[in-house]
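Next up is a structure, given as structure tokens.
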Amino acid sequence: MNQPRTDLHAARRCDLEQHFCPGGCGRAVPNDRYACGPCWRKLPGHLQRSIGRTAGDPVLSPARTCAFTAAVTFYTALFSGPTARPRRDGG
Ligand SMILES: [Zn+2]
């Protein structure tokens, strides 16, 4: 088999103690953190606080799921470029 080395490397890093950073940087992050430092700092304060408040919740609690989904939505908008970023004025 001539499987790409990068796929094998990624599979090894995706274990029970760490996950891929949701910020899309490709880093492995310990499970007690949501994202790597640089990607965490990209999140607006209210999203950081939402995640922080649910830190002790069960993984699939509604509040935690909501906080994580909001953060992933933010990152997705960030990847899509400045014109696709969510508006802060609610419009
Ligand atoms: Zn990251």
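Out of the residues in the stretch 16-59 that are in contact (Cβ under 8 Å) with a residue 12 or more places away in the chain and assigned to a strand (DSSP E or B), which is surrounded by the most Cβ atoms within 10 Å (Cβ to Cβ)?
Only one residue fits best here, namely HIS19.
Answer yes or no as to whether ASN2 is modelled with pLDDT under 90 and touching a Leu at 6+ places or on another chain (Cβ under 9 Å).
Taking the combined requirement at face value, the residue does not satisfy it.
Can you tell me which residues in the stretch 14-50 are over 17 Å from LEU78 (Cα atoms) and away from the ligand (no atom under 14 Å from the Cβ)?
Residues satisfying the conditions are CYS14, ASP15, LEU16, GLU17, ASN31, ASP32, ARG49, SER50.
The values are calculated or read from the model by the stated rules, or taken from the named source; none is laboratory data. Just so it is clear, the structure is predicted and the values come from calculations on it, not from any experiment. Neighbour counts are summed over all protein chains in view; Cβ atoms, including those assigned to glycine, are modelled from backbone coordinates with ideal geometry.
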